[in-house]
Amino acid sequence: MRQVVQLPFSHEEVFQGETEQQIPYHRMYGKQYCVPALTVYSPSEVQELRTAAEAVDGIYCKVMRFIQQYMPDSFWSISWVSIPGLFRQHVWRW
């Protein structure tokens, strides 16, 4: 089991200022989505996570570029999506 270290700060103390700008989803629907805690990883595990995250991000960006280029805005106005124009207005790059 991973070692989880609870920070000696409240949720509000951790997720304010720059941290809140970097992680805007820390609270969703009025509830804490992120907690003030850290999970400890070894350097090799961090590298594995980085490699996997970069691969997933590459796929995500490729799909987003495809959607922006080939899917009409009307596709996004379907009731199950209902966010017309969102993907044409934003290109997320990390």
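Each other residue within a Cβ distance under 14 Å of V14 adds +1 if Lys or Arg and -1 if Asp or Glu, for a net charge of -3. For T51 and Q32, the difference between the fully extended length at 0.36 nm per residue and the C-alpha to C-alpha distance is 4.0 nm. Within the shell defined by Cβ-Cβ distances under 15 Å, the residues around R27 carry a net charge of -2, with Lys and Arg each +1 and Asp and Glu each -1. The 1.4 Å probe gives accessible areas that order E45, E18, largest first, as E18, E45. Taking a ≥ b ≥ c as the square roots of the Cα gyration tensor eigenvalues, the range 1-50 comes out prolate, since a/c reaches at least 1.5 and a/b is larger than b/c.
The values are calculated or read from the model by the stated rules, or taken from the named source; none is laboratory data. Just so you know, these numbers come straight off a predicted model, no measurement behind them. Don't worry about glycine lacking a Cβ; one is built from the backbone with ideal geometry, like all the others, and counts go over all protein chains shown. We work out accessible area using only protein heavy atoms, side chains counted, and drop any ligands, DNA or RNA first. Shrake-Rupley method; radii C 1.70, N 1.55, O 1.52, S 1.80 Å.
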